[in-house]
Amino acid sequence: MYKVRAIAPFSAELQVPGDKSLSHRAVMFGALSNGPCEISGFLPSADCWCTVEAMRALGIEIEVLEETEWGPSKLLVHGKGGKFEAPSAPINCGNSGTTMRLLAGILAAQPFETELYGDESLSRRPMDRIAAPLRLMGAEIEGRGERCTAPIRIRGTQDLTPIAYESPVASAQVKSAVLLAGLYAKGKTSVSEPYLSRDHTERLLKYLLVKTVREGNTVSIWGGQTPESRDMRVPGDISSAAFWIVAAAARPGSRLRVKNVGLNPTRTGILSALTRMGARLSESIDEENGEPVGSVEVVGHKLRAIEIGGDDIPKLIDEIPILAVAGALAEGKTIIRDARELRVKESDRISAVAENLRRMGVTVDEFADGMEITGGAQLKGATVDSLGDHRIAMAFAIAGLYAEGETIVRDTDCVNTSYPGFGAELEQIMKS
Ligand code: S3P
């Protein structure tokens, strides 16, 4: 539980833990590579640990080289060139959609059967979106009902057929699952998506000397390539930084600098959206080694409402809860459209955000694919629920920093799935 009160303008310089998407991929791609890979900046979170344990269960040796107070942050993954062992038991993917969906792409190509299961939230999420293309490639996948929900059983084949797949959703998890299976298929596998989703898979594979080609929203890969073992450095997660960026951006007098954060343009939609809202932000890129990494500076300023939808959505899909909080603080009506995907995240984030904002006195109209938020009124402290969803918990902790009276956020253990240390940083900012 977090107890949050309004704060005065603050000044801070901070770093956030490693990027979640990149931490999962570094471990999986390291395992696929032809030798040892040292991964630094690894996110010590429950989600990413599921990926580590999954790889271990499949016969990959992973050593912990360094620990922080939140858990392992430097790993040595001993890649076996794409060869895995049949696990002795079903694999637990916890709360992590990325673990289950990307792993499914690898398992589609293994000569054994694996069962993947997850927690209650993950067991509600659609797996048909990866089952459909992987079945077309020749894998047998069984799950529950039409949406093929977990537990899922995957019987792989070493004779995968390459496909040209048109994904109905803009999803990096779907794209990555197909590309990983494509790494084992004989020939060229392509995935097209309606809008470009985050491109970490393509960038990290390129860094590991695997060729992929992107033309428009289509990415292709050629089977038979083995990633080269190389050390990988994971930058801070822009999705975690986004909470502090909004905490400072809407409050005149606040100043914030976030260092060593990933600034991949397929992930920085939140910065563009806040800039359109009148936020004073500047980005500087210090390093471009596969992924752009740098710092973000924020000077607090009054915000105004915007409308957002279309191809902007995948670039800030995980930041919509905190963007909605920014909308509640901005003058005017903020309209979010084309974000139906939010209904199948760790919680139904459209209804969770609408419900919690209303509890804080904000007028919200919910649509099937988004919401309209009437911003500008003073937020009122309230008791809100995370619904077991880390990003809802953190977004409403930040809302509490702007509310009159006390805000209680219930059920905050889930924050460990992506941002261990968030609660400690929150305490620090409330004290400053
Ligand atoms: C992720 C992709 C996104 C995102 C998730 C992480 C990834 O999901 O919401 O938190 O690492 O590929 P979708 O691919 O389902 O959009």
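The values are calculated or read from the model by the stated rules, or taken from the named source; none is laboratory data. Predicted, not measured: the structure shown is a model, and the values here were computed from it. Glycine also receives a Cβ, built like all others from the backbone with ideal geometry; neighbour counts cover every protein chain displayed. Just so you know, the surface numbers come from the protein's heavy atoms only, side chains and all, with ligands and any DNA or RNA stripped out. Shrake-Rupley method; radii C 1.70, N 1.55, O 1.52, S 1.80 Å.
Out of curiosity, is residue 290 assigned by TED's automatic domain parsing to the domain that holds residue 395 and at positive phi? Yes; evaluated as a whole, the condition is true for this residue.
Mind listing just one residue for me: the one in the range 6-26 that is within 12 Å of the ligand (Cβ to nearest atom) and of a type outside the set (Lys, Arg) and, of those, nearest to residue 297 (Cα to Cα)?
Our first condition is that a residue be within 12 Å of the ligand (Cβ to nearest atom); within the range 6-26, this holds for 19-26.
Subsequent filtering for residues that are of a type outside the set (Lys, Arg) retains 19, 21-24, 26.
Working: 19: 19, 21: 23, 22: 23, 23: 24, 24: 27, 26: 28 Å.
The qualifying residue nearest to residue 297 (Cα to Cα) is 19.
The residues in the range 164-178 that are within 13 Å of residue 197 (Cβ to Cβ), surrounded by fewer than 23 Cβ atoms within 10 Å (Cβ to Cβ) and of a type in the set (A, V, I, L, M) can be counted, and the count is 2. Taken over the range 191-246, the criterion of being among the basic types (Lys, Arg), assigned to a loop (DSSP other than H, G, I, E, B) and free of Cβ contacts under 8 Å to residues at least 60 places away in the same chain is satisfied by 211 alone. In the range 161-174, the qualifying residues are those that are touching a strand residue (DSSP E or B) at 6+ places or on another chain (Cβ under 7 Å) and free of Cβ contacts under 8 Å to residues at least 60 places away in the same chain, and the one that is nearest to the ligand (Cβ to nearest atom) is 167.
Looking across the range 2-30, the residues that are in a helix (DSSP H, G or I) and touching a residue at least 60 places away in the same chain (Cβ under 8 Å) come down to 20, 21, 22, 23, 24, 25, 26, 28, 29, 30. All conditions in (1) surrounded by fewer than 17 Cβ atoms within 10 Å (Cβ to Cβ); (2) hydrophobic (A, V, I, L, M, F, W, C); (3) under 30 Å from residue 328 (Cβ atoms) hold for residue 245, with the sole exception of (1). If the condition is being within 13 Å of residue 396 (Cα to Cα) and loosely packed, with under 15 Cβ neighbours inside 10 Å, then the range 359-383 contributes 380, 383. Contact map, the range 400-411: residues that are assigned by TED's automatic domain parsing to the domain that holds residue 388 paired with residues that are open to solvent by 30 Å² or more (accessible area, probe 1.4 Å) and of a type in the set (A, V, I, L, M), Cβ distance under 7 Å, separation 6+ or inter-chain. Pairs shown: 401/6; 402/6; 403/6; 404/6; 408/1; 409/1; 410/1. Within the range 175-185, is even one residue among the polar types (S, T, N, Q) and touching a strand residue (DSSP E or B) at 6+ places or on another chain (Cβ under 6 Å)? No.
Residues that are of a type in the set (Phe, Trp, Tyr) and assigned to a loop (DSSP other than H, G, I, E, B) are absent from the range 113-121 altogether.
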